[in-house]
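One structure, pasted below without further comment.
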Amino acid sequence: MRIDIITIFPEMFDCVFDASIIKRAREKGLVEIRAHNLRDWTTDKHKTTDDTPYGGGGGMIMKPEPIFAAVEAIKGEEEAPVILLTPQGRLFNQTVAEELARHERLIFICGRYEGVDERVREHLVTDEISIGDYVLSGGELAAMVITDAVVRLLPGALGYERAAAEDSHATGLLEGPHYTRPPEFRRWTIPEVLTSGHHARVAQWRRQQALKRTLERRPDLLASAPLSEQDKRWLREMGYNGPFAEDE
Ligand code: ADE
């Protein structure tokens, strides 16, 4: 996969993409990530990327010409979604991450200032994504968040391959608690079932814990999570009576 990011702050990406799972994925050749300086596509002496809004009002608007030139040069003749990061976009979640991970290429445009010229939206961008209902100073942090969530889904990116499939949200549920050694810490012990060596009982306990935690913290997720009849029985025992998703 190749990810191109267009920004006026390319240096913001250096340490984030040079650590941990993203770094390893790049080293393994699973993903190539490039942060491009939008100013490289300006044509004036001052490398201007923004201007005042027509009709007045405060704030600055990102100019269309450098953004079009950057995307056209970076994209070439290839197919690639061109994604604008903006609080007005569709909300990012694990399903969107999985959808983006299926593309060979992604191009992100990081908005700054009050916004971008509307012609960028209308004639260049193919998708608009927000990472949450709050306003950041620009799309850069959103591009990092999305890149991280996408790259860890690429086959081979995680040391332990099943981990991504079991993550909170990947199953439509939150994960239950995890424990590691020591078995007793400050007199707090771990659930006995985990040391029983009984794999089926451990799997059942984990599933029940995931259901319980989701019910306690994010009951809204239960309405769309894929659940078995057994899951529904357990949830009813915990006091949840639906709604449930139509299909398993
Ligand atoms: N730019 C500013 N705020 C944003 C948000 N919440 N998501 C994506 N891009 C943004």
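Derivation of every value follows stated rules applied to the coordinates shown; laboratory data play no part. From a predicted model like this one, the values you see are computed outputs, not experimental measurements. As a convention, Cβ positions derive from the backbone with ideal geometry for all residues, glycine included, and neighbour counts pool all protein chains shown.
Which of the GluC sites (Glu not before Pro) across region 50-117 are loop residues per DSSP, with 14 or fewer other Cβ within 10 Å? Please list the in-between numbers first.
Values: sites: E72, E77, E78, E79, E98, E99, E104, E114; in loops: E77, E78, E79, E104, E114.
Listed in order of number, the matching sites are E77, E78, E79, E104, E114.
Using DSSP to define loop residues, name the trypsin sites (Lys or Arg not before Pro) in region 181-230 whose beta-carbon has at most 15 other beta-carbon atoms within 10 Å.
Details: sites: R186, R187, R201, R206, R207, K212, R213, R217; in loops: R186, R187.
Here the trypsin sites (Lys or Arg not before Pro) that fit, given the DSSP loop and packing criteria, are R186, R187.
Within 11 Å, Cβ to Cβ, of A80, how many net charges do the neighbouring residues add up to if Lys/Arg are +1 and Asp/Glu are -1?
Values: positive: R2, K75, R105; negative: D4, E77, E78, E79, E104, D127.
That works out to -3.
What is the spin-label model distance, in nm, from E78 to R90 if the labels are put 7 Å beyond Cα along the C-beta direction?
Label-label distance for E78 and R90, simple model: 2.3 nm.
Express in % the proportion of alpha carbon pairs of the chain at distances exceeding 21 Å. List each step's numbers first, then the result.
Details: 20366 of 30628 pairs.
Considering the chain, 66 percent of its Cα-Cα pairs are separated by more than 21 Å.
Name the trypsin sites (Lys or Arg not before Pro) in region 86-164 that are in a loop by DSSP and that have at most 14 other C-beta atoms within 10 Å, would you?
Numbers: sites: R90, R102, R105, R112, R119, R121, R152, R162; in loops: R102, R112, R152, R162.
Those that pass, being in a loop and sparsely packed, are R102, R162.
Considering only A35, T95, G57, whose Cα is most displaced toward the positive end of the charge dipole of the chain, charges sitting on Cβ of Lys, Arg (+1) and Asp, Glu (-1)?
Towards the positive end, the residue furthest out is T95.
Take every DSSP beta bridge whose two residues both sit in the chain, then give the antiparallel share in percent to the nearest 5. Walk me through the numbers before you get to the answer.
Details: 4 of 26 bridges.
Among the beta bridges of the chain, antiparallel pairing accounts for roughly 15 percent.
Total Lys pairs in the chain closer than 25 Å by alpha-carbon, pairs eight or more apart in sequence or interchain only? Please report the intermediate quantities before stating the final value.
Values: K23/K75; K28/K75; K45/K63; K47/K63; K47/K75; K63/K75; K212/K232.
Number of lysine pairs found: 7.
Further question on the same structure: Taking DSSP loops as anything outside H, G, I, E and B, show the longest stretch in the chain free of chymotrypsin sites (Phe, Trp or Tyr not before Pro) there with at most 11 other beta carbons within 10 Å. Please report the intermediate quantities before stating the final value.
Values: sites that count: Y54, Y134, Y160.
Answer from the scan: 161-248.
Put +1 on the Cβ of each Lys and Arg and -1 on the Cβ of each Asp and Glu in region 168-248; which of L194, L173, A225 then has its Cα farthest toward the positive end of the dipole?
Farthest towards the positive pole: L194.
Further, regarding this structure: So the label point goes 7 Å from the Cα of R217 along Cα→C-beta, right? Which residues of region 154-183 then have their backbone N under 14 Å from it?
Under 14 Å, as judged by backbone N against the label point of R217, lie 167-179 of region 154-183.
Let me ask something additional. Work out how far the C-alpha atoms of region 2-110 reach from end to end along every principal axis, then list the three figures in whole Å, largest first.
The Cα atoms of region 2-110 stretch 47, 31, 30 Å along the principal axes, largest first.
May I ask for the angle, rounded to the nearest 10°, between helix 140-151 and the longest principal axis of the chain, with both axes built from Cα atoms and the value confined to 0 to 90°?
Taking the Cα atoms of the chain, the angle to 140-151 is about 50 degrees.
Take every Cα-Cα distance within region 168-248, group them into 5 Å bins from 0 onward, and report for each bin the whole-number percent of pairs it holds.
For region 168-248, the binned pair fractions read 3, 14, 24, 21, 16, 11, 8, 3, 1, 0 percent.
For the chain, what does -39500 (n - 2.57) per DSSP helix run (n ≥ 4), summed and divided by total residues, give at 222 nm, in deg cm²/dmol to the nearest 500? The partial results should precede the final answer.
Details: 8 runs with 78 residues, N = 248.
When only DSSP H runs of four or more count, the value is -9000 deg cm²/dmol.
Still on this structure, I have one more. Count charges around L38 for me, please; just the other residues with Cβ under 15 Å from its Cβ, Lys/Arg as +1, Asp/Glu as -1.
Numbers: positive: R34, R39, K47, K63, K75, R112; negative: D4, E11, D40, D44, D50, D51, E65, E72, D117, E140.
That works out to -4.
For region 1-60 and region 155-226, what is the separation of their C-alpha centers, rounded to whole Å?
Between the Cα centre of region 1-60 and that of region 155-226, the gap is 37 Å.
Let me ask another. Sum up the charges of everything whose Cβ sits under 13 Å from the Cβ of R26, counting Lys and Arg as +1 and Asp and Glu as -1, but leave R26 out. Don't skip to the end; give the middle numbers.
Details: positive: R2, K23, R24, K28, R34, R152; negative: D14, D18, E27, E32, D148.
Net local charge, R26 excluded: +1.
Further, regarding this structure: Just to confirm the number: angle between the C-alpha axis of helix 199-217 and the first principal axis of the chain, 0 to 90 degrees, nearest 10?
Around 60 degrees separate the two axes.
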